[in-house]
Amino acid sequence: MSASGHPDDTGLTVVVPCYNEVDNLEHSYAEIVSELGEFDLELLYVDDGSTDGSLDVIRRLADSDNRVQYISFTRNFGFEAAFSAGYRYAGKPWILHVDADQQFPAAEAHKLIAAAKAGYDAVFGVRTNRQDPVLRRWGTAAFHFIGRKLLRIELPPGATAFRLVRTELARRIVDLELGTPYFLATVPRLTSRYTTVPVAHRARTRGKSKVGMSFLSSHAVELFVGFSRRLSTAASVACLLAGGAGLVTALAGATGLLSGSALTVTVLLLLTASLTATALVVRSLVVVGAGQPRPRQFYVREASIPVSAADRLLDPSSSLESA
Ligand code: UDP
Ligand code: MG
């Protein structure tokens, strides 16, 4: 079991984030175990505050199969938090991230594993024939275009959450405690040993997608602002240029180079002042905002494995239920 080994000789933790996936969990478990049962396997379910009985199903799976572990959150924290917890507590040297809804066939993991053997620390699946609504497909294309081409953020082209990552690397990223870990953008900041592999994709057949367009767009803005200064710099420069143009026009009016009333001059001066102030405020909001402390990314209520005190909201021994 060398540190440089691969999943087939060192073991694999399949991290499954789930939020209200009660109808999917047993099917997904059966598929993972039948496709990847040959590995020294751990299945780590992260219940992201489900309210539909998902946790009961996960507890049953853990009772009947000792390869199954779980962590359950105190509320819904979002999929970034869910997979981050899975990455932090994965027990094997490699992590395979699989959604609970079977959109990524578990059999496709073999392609990721084969690619890792060529010496990569992270291998991302790229959907060759994505089975999601057209708006989602266009949204992702726009996201990659803006992120990669306009803002020059290094993102593995087309990369998805279906990925195989060396646990040490995944944990490094989680331990950075970034407000938004943005795994796709953080991996390339830490290593160049990552790649992408084409994989098949299926439509969701049970339950609904848990991520809406409004969440995805604000999440994208977090990437655009958090991983690039280009957007805020462009906004500041545009304000300063507009302010400068206003000032020049106002001065030309005041010195009689341009004809205009005192009112026009005053309006232009006010415009200059407000654009300059806006430019400074935008800039300082970005800088000050980035430095604010945030709450931790997730809190755990219950787990089948030991979890650090910092990741628990309450000390379980102090609860009335256990008294
Ligand atoms: N998920 C989660 N917390 C959330 C939203 C989603 O743990 O707040 C899980 C979800 O149960 C699924 C995976 O993340 O296993 C991907 O979510 P989904 O299938 O809804 O996303 P989509 O495939 O539509 O992008
Ligand atoms: Mg899905």
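Numerical summary
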| quantity | calculated |
| --- | --- |
| The stretch 178-274 - charge dipole about Cα centre, Lys and Arg +1 at Cβ, Asp and Glu -1, debye rounded to 20 | 860 |
| Of 50, 11, 298, farthest towards positive along the dipole that unit charges on Lys, Arg, Asp, Glu beta carbons give the chain | 298 |
| Of all DSSP beta bridges in the chain, antiparallel share, percent nearest 5 | 30 |
| Computed E for residue 66/residue 234 - FRET, C-beta separation, R0 51 angstrom, nearest 0.05 | 0.40 |
| Among 256, 219, 169 - extreme Cα towards positive end, dipole of the chain, charges at beta-carbon | 256 |
| Computed [θ] at 222 nm, helices only, for the chain once each DSSP H run of length n ≥ 4 contributes -39500 (n - 2.57) | -14000 deg cm²/dmol |
| Sites residue 255 and residue 142, calculated FRET efficiency, Cβ-Cβ separation with R0 45 Å, nearest 0.05 | 0.45 |
| Label-point separation, residue 175 to residue 274 (7 Å along Cα→Cβ), nm | 5.0 |
| Stretchable slack from residue 215 to residue 203, in nm (0.36 nm times residue separation minus alpha-carbon distance) | 2.3 nm |
| Residue 294 paired with residue 38, simple spin-label distance in nm, labels 7 Å along Cα-to-beta-carbon | 4.0 |
| Magnitude of the charge dipole, the chain, Cβ model with Lys/Arg +1 and Asp/Glu -1, debye to 20 | 1500 |
| Mean Cβ neighbour count within 10 Å, used as a protection proxy, ranking 43-51, 227-235 highest first | 43-51, 227-235 |
| Cross-link reach list, lysines versus residue 117, counting only Cα pairs under 26 Å and skipping chain neighbours closer than eight places | 92 |
| Under the span-like rule (Cα at least 30 Å along the axis, Kyte-Doolittle mean at least 1.6), DSSP H helices of the chain | 262-291 |
| Order by protection proxy (mean Cβ within 10 Å, highest first), peptides 90-101, 173-184, 294-305 | 90-101, 173-184, 294-305 |
| Contour excess over end-to-end distance, with Cα ends at residue 305 and residue 31 and 0.36 nm allotted per residue | 96.3 nm |
| Charged-residue dipole, Cβ positions (Lys, Arg, Asp, Glu), the stretch 52-179 about Cα centre, Debye nearest 20 | 440 |
| Nonlocal amide H pairs with residue 11, under 5 Å, H built at 1.01 Å | 40 |
| Extension reserve of the residue 190-residue 245 stretch, reckoned as 0.36 nm per residue once the Cα distance is removed | 15.6 nm |
| Residues with amide H under 5 Å from that of residue 126, placed H, sequence gap 5 or more | 197, 199 |
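No lab work stands behind these numbers, since they all come straight from the coordinates. In this text the structure is predicted, and so the values were computed from the model without any measurement. Positions of Cβ are backbone-derived with ideal geometry, glycine not excepted, and every protein chain shown enters the neighbour counts.
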